[in-house]
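In what follows, a single structure is set out as structure tokens and then discussed.
The values are calculated or read from the model by the stated rules, or taken from the named source; none is laboratory data. What you see is a predicted model, and the numbers here were worked out from it, not measured in a lab. Neighbour counts run over all protein chains shown; Cβ positions are idealised from the backbone, glycine included. To get the accessible areas, we keep the full protein, side chains included, count just its heavy atoms, and leave off ligands, DNA and RNA. Shrake-Rupley method; radii C 1.70, N 1.55, O 1.52, S 1.80 Å.
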Amino acid sequence: MNERIQLRHITKSIGEKAIIRDVGFSVTRGEIVAFLGQNGAGKTTTLKVAAGLYKADQGEIDIDGTSVFIPDDPLLYEELTVREYIQMMKELHRVNALPDHTAFRLEEELEKKIKELSLGNKKKVALYAALIPQPNVLLLDEFISGIDPLNMRLVKDLLRAYAAEGNAILLSTHQLSVAQEFCDSCVLIQDGRILGEKVPLKTISETHSSLEDYFIHMMQEEHVHE
Ligand SMILES: Nc1ncnc2c1ncn2[C@@H]1O[C@H](COP(=O)(O)OP(=O)(O)OP(=O)(O)O)[C@@H](O)[C@H]1O
């Protein structure tokens, strides 16, 4: 099976409110998919359903392997040092070996408390910790924001290498320029519904001057049809 993530006809209400409706798309091995939509469109809710944190009212979720969800504000046990946190996650997941942390350039942060870290370093620690149980799928909510350009390059390289091993990444973001140069394809959500099909970013670059242009075009089209 080539698909790592398959969502079919997912519907989720919270209270009386229908948050996502008939959501369906897939992410294949090796693929990084940007999940795009305006504030409140339903990205986080979809990611939480895919992660099993929310139970869908209807529909099917297939994850080939295991997944880890990183929320936009990852809970990282602020009082622990990075080394202690990593050790805790190692014990929690009962793994013998840890991923190599040199590529994350975390050496100088290991003895710092998590609460002392910059946002970018917190995100790197969250990503490192997410990889400890060796998941096949990463579900990332607004992960690529608040990271400086040097760390962004590093994070992009790490995520690309992770995907190249046959894993899949679904990431929500408002950073369209970053998504454009580093994701493989995109899925748009508007008001809880998927707009169109998953589209390769290569195709978008042939028809639109930027992902931002495509995004705005699609959102305006949707308004016209409302
Ligand atoms: N626990 C909840 N109770 C009630 N409404 C909720 C709850 N969680 C989300 N919503 C509503 O569901 C809708 C979709 O929210 P969601 O967080 O999934 O959107 P999003 O696309 O991730 O937005 P953003 O880009 O702002 O993070 C919003 O209208 C939000 O107010």
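Considering only Ile147, Ile169, Ile14, the mean-square fluctuation computed in a Gaussian network model of the chain, springs between alpha carbons under 10 angstrom, is largest for Ile14. Restriction of the GluC sites (Glu not before Pro) in the stretch 46-141 to DSSP coil positions whose beta-carbon has at most 13 other beta-carbons within 10 angstrom yields Glu78, Glu79, Glu111. The charge dipole of the chain, taken about its Cα centre with unit charges on the Cβ of Lys, Arg, Asp and Glu (plus for the first two, minus for the last two), comes to roughly 460 debye. Per-residue ellipticity at 222 nm from helix content only, as computed over the chain with -39500 (n - 2.57) for each DSSP H run of at least four residues, stands at -10500 deg cm²/dmol. Cross-link partners of Lys123 among lysines, defined as those whose alpha carbon lies under 17 angstrom from its own and excluding same-chain residues fewer than eight positions apart: Lys112, Lys113, Lys115, Lys156.
Protein heavy-atom surface of the stretch 119-160, 1.4 angstrom probe: 52% of the accessible area is carbon and sulfur, with nucleic acids and ligands not counted. Modelled label positions at Glu84 and His208, each set 7 Å beyond Cα in the direction of Cβ, lie 4.7 nm from each other.
Taking the Cα centre of the stretch 1-128 as reference, the dipole from Cβ charges on Lys and Arg (+1) and Asp and Glu (-1) amounts to some 200 debye. Computed in the context of the full set of protein chains, the accessible area of the stretch 62-104 at 1.4 Å probe radius has 51% of its extent on carbon or sulfur.
Looking at the stretch 89-142, the accessible area is 51 square angstrom per residue; that uses a 1.4 Å probe and ignores ligands, DNA and RNA. Counting only residues at least eight positions apart within a chain, or on another chain, the lysines with an alpha carbon under 18 Å from that of Lys198 are Lys43. In this Cβ point-charge picture (+1 for Lys and Arg, -1 for Asp and Glu), the stretch 116-189 has a dipole of about 100 debye about its Cα centre. In this structure the stretch 1-84 gives 52 Å² per residue of accessible area when probed at 1.4 Å with all protein chains present.
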